[in-house]
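The values are calculated or read from the model by the stated rules, or taken from the named source; none is laboratory data. Given the structure is predicted, the values throughout are model-derived calculations rather than measurements. No Cβ is skipped: glycine too gets one built from the backbone with ideal geometry, and neighbour counts run over all protein chains shown. Accessible surface areas use protein heavy atoms only, side chains included; no ligands, DNA or RNA. Shrake-Rupley method; radii C 1.70, N 1.55, O 1.52, S 1.80 Å.
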Amino acid sequence: MRKKLLTVVGARPQFIKASAISRCIRRSSAIEELIVHTGQHFDANMSEVFFGELEISKPAYNLGISGGSHGQMTGEMLRRLEETMITEKPDGVLVYGDTNSTLAGALAASKLHIPTAHVEAGLRSFNRKMPEEVNRVLTDHCAEWLFTPTVVATENLKREGISAERIIEVGDVMLDVASYYRSRVSSSHPLLTSLKVDHQPFVLATVHRQENTDDPQRLRVIFTALSLIAQELPVILPLHPRTKKRLAEHDLTSLTSSLLITDPLGYMEMVACESSAAVVVTDSGGVQKEAFFHKTPCVTLRDETEWLELVESGWNRLISPQDPHEILKQVRAAIGTRGAPIHPYGRGESAQHILDKLTNEL
Ligand code: UD1
Ligand code: UDP
């Protein structure tokens, strides 16, 4: 009989990561997957679009839990995921990344003594004010199998006293996804034509991190910087719902008038933008790496990053958003540059390594 793996997803980057492993599981005769969507992200362009274009199986459950404070959201997810796991009796639980859905999934499973696999384990910013950092540390210490994407992540776990048998370094599943879809996306994507940037250099920007959006001063600095950049190059900004809300609340929406604002994009549209942009400006974890996968220089608007190898190799420039002119300077300096030829994320076969391990262990 096939073993039952219950996958918990809820937020945009998790759908994208889950697509690689789900595709492998569909070919497996040893494991069947049951997807549970917590509901954390719910707009069609933050959720449904990825199930369609990345061919992810329809979730068996959507718990419809979103918004509220961190405690409210995580607590409600914990309660409902526990109920679901009691009903479904999975042999293992699979969680991704560092969102509230990740922590709730790992905690619910560990209280029920269901072994849990954490994909993208071991990342650390060493900034406990980030909700993601708390989620990562707690998830790693609950989970049975810690699938790390990089040497740095593996070392972080060892330093926290996690035993070597629990750590499996497999590379980054986002590279699997990028490699699989790269050849399926044309560089002359209709989105670039409709935004009139198909034959000219442009900047792709994404901003959504809580420490940037919820601090009006930082949000002002970032959007002032993007306006300055837009005087030199077109700036495409697919607007995350959190950022949209905060710009309105802090009365900063006027700073977006010179930008090419779009709704959140689908994955293929993002690949088209990332691979054609002159520079990517972002505070997203996933987008930093995808810029590198597509050989585009990146400027990261944060105080620290979990993806140190990209900064050390020159693919990424890290700048704390304090001064708009400094950000403009970094963007100008990044254009036309390439970092060192590094391969820290494996060969795009991480999903299969994860499935092989789970097939042996479950
Ligand atoms: C979450 C994750 C973050 C991840 C990001 C990916 C946590 C703590 N944060 O942040 O690590 O980088 O997802 O994008 O789990 N909203 C909508 N429609 C949606 C989704 C969200 O309107 O489809 C609104 C929510 O109602 C809320 C706000 O956006 O008001 C923020 O959503 P939330 O899920 O709390 O956090 P994110 O900022 O998306
Ligand atoms: N992404 C997308 N559409 C967008 C913005 C991002 O498909 O409008 C994808 C992006 O290509 C990457 C993932 O979402 O694969 C990153 O997610 P996000 O930036 O929301 O979260 P983070 O990686 O910071 O947790």
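With 0.36 nm allotted per residue and the present C-alpha distance subtracted, the Ser257-Gln217 stretch has 12.5 nm of extension available. Taking a label point 7 Å from the Cα of Leu138 along the Cα→Cβ vector, which residues of region 83-110 have an amide N closer than 19 Å to it? So the set is 83-85, 93-110. Distances between placed amide hydrogens fall under 5 Å for Arg317 paired with Cys298, Val299, Thr300, all partners being 5 or more residues away or on another chain. Rounded to the nearest 0.05, the FRET efficiency derived from the C-beta distance between Lys329 and Asn127 at R0 = 25 Å is 0.55. With the simple spin-label model, which puts each label point 7 Å out from Cα in the Cβ direction, the Lys158 to Ser57 separation comes to 3.6 nm. Taking Cα atoms only, the orientation of helix 267-276 departs from the longest principal axis of the chain by about 40 degrees. In this structure, the amide hydrogen of Leu63, modeled 1.01 Å from its nitrogen in the peptide plane, lies closer than 5 angstrom to those of His37, Thr38, Gly39, counting only residues at least 5 positions away or on a different chain. Put simply, the amide H of Thr7, placed in the peptide plane, has neighbours under 5 Å in Leu34, Ile35, Val36, Leu94, leaving out anything fewer than 5 places away on its chain. Label sites at Met1 and Lys357, each approximated as a point 7 angstrom past Cα along Cα to Cβ, lie 2.7 nm apart. Using a probe of 1.4 angstrom and keeping all protein chains present, the accessible surface of the chain works out to 41 square angstrom per residue.
Taking the inverse of the mean 1/r over every pair of distinct Cα atoms in region 230-288 gives a Kirkwood hydrodynamic radius of 12.6 Å.
3J(HN,Hα) along region 62-72, derived from phi through the Karplus expression 6.51 cos²θ - 1.76 cosθ + 1.60 where θ = phi - 60°, amounts to 10, 7, x, 9, 8, x, x, 6, 4, x, 4 Hz, with x in place of Gly and Pro.
Please list, in order, the residues from region 110-141 whose amide nitrogen is less than 16 Å from a point placed 7 Å along the Cα→Cβ vector of Asp303. The answer is 124-134. For region 18-30, 3J(HN,Hα) computed residue by residue from phi via the Karplus equation (6.51, -1.76, 1.60; θ = phi - 60°) reads 5, 4, 5, 6, 4, 4, 5, 5, 4, 8, 8, 9, 9 Hz, glycine and proline entered as x. Of all aspartates and glutamates in the structure, the ones whose alpha carbon falls short of 20 Å from that of Lys329, not counting any fewer than 8 places away in one chain, are Glu232, Asp283, Asp303, Glu304, Glu312. Here the calculated FRET efficiency for Ile342 and Thr87, from their Cβ-Cβ distance with R0 = 30 Å, stands at 0.10, rounded to the nearest 0.05.
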